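Heads up: the structure comes next, in structure tokens.
No value in this document is a laboratory result; all are computed from the given coordinates. On a predicted model such as this, the values are computed, not experimentally measured, just so you know. Cβ atoms come from the backbone with ideal geometry, glycine included; neighbour counts cover every protein chain shown.
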Amino acid sequence: MVRRILDALAFSSLWVAAAATSLAAAASRSFGAAPRPALLAFVFGGTLAVYAVDRLRDVARDRLTTPARSAWVERHRSGVAGIAAIAALVAGLCGLALGRVAIPTAALAGGLGAFHRRLKHVPFAKALYVSAAWVAVTVALPAALANPRPSPAALGRAAATLGLALLANAIASSARDVEAGAALIGRKRALRLALGCALAGSAAGLLAPRPQRALASVAIATAAALLAFRPGERYGLLVLDGALALGALWSLG
């Protein structure tokens, strides 16, 4: 029963959407702002919609790299499609509530999601554009909604800390599947590169003044997950993405 619940959370993309929402909340707090419910719902719904649609569109090719997830998606295709539709509706309504500031973020994340199938196999491109999209959603958008808005220095520190952690996560995801850049340099080198990014993010966060220093926990948790890395797809989906959420919740504590 526990295995089924965890599979449902990971394979439906609910888990990764929760991680994105936790990061947005942590970034908001680091800018001295209380996370707005509309922001959190927008991030959760938007992330869930983008990832769920990608799971549905690319299920045939994903059988080679993530067979367990692909089989689960095929068995629950109608449910995943329903979740994606509801999540997109929620994100759209919350985007309207947030105003014009949400439009560029939605356009960037949605556009990259639409072209993800073609771009994700381009060496080294996947990690860069995925982490950039996440920084836009979980750092830039909370900064734009904060009142008062954070200084450029504060925004840069938050973006560096979380951006490096997200880059590490994206590189490790490719290493797990031995695709994109990892297919060229090998899994071990890709994992070392990911760990280096996570450690650099940890250092950037620890050297930052409060309250951005709290974000170091995200990079630290990511580094810990990489040190215990396992190639199985459930480890990547549950532990690596879970490290982002755990680190974000730690920073909020």
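Annotations for the structure displayed:
- Calculated from backbone phi, Karplus (6.51, -1.76, 1.60) coupling profile of the range 246-251 in Hz, x at Gly/Pro: 4, x, 5, 5, 4, 5
- Per-selection Rg to Rh, the chain - Cα, Kirkwood hydrodynamic radius: 0.95
- Additional length obtainable on full extension of the chain from Arg77 to Arg4, 0.36 nm per residue less Cα span: 24.7 nm
- Structural descriptor for the chain: relative contact order 24 percent, calculated from alpha carbon pairs under 8 angstrom and at least 6 residues apart.
- Residues Lys188, Lys126, sorted so that the one with the fewest Cβ neighbours within 10 Å comes first: Lys188, Lys126
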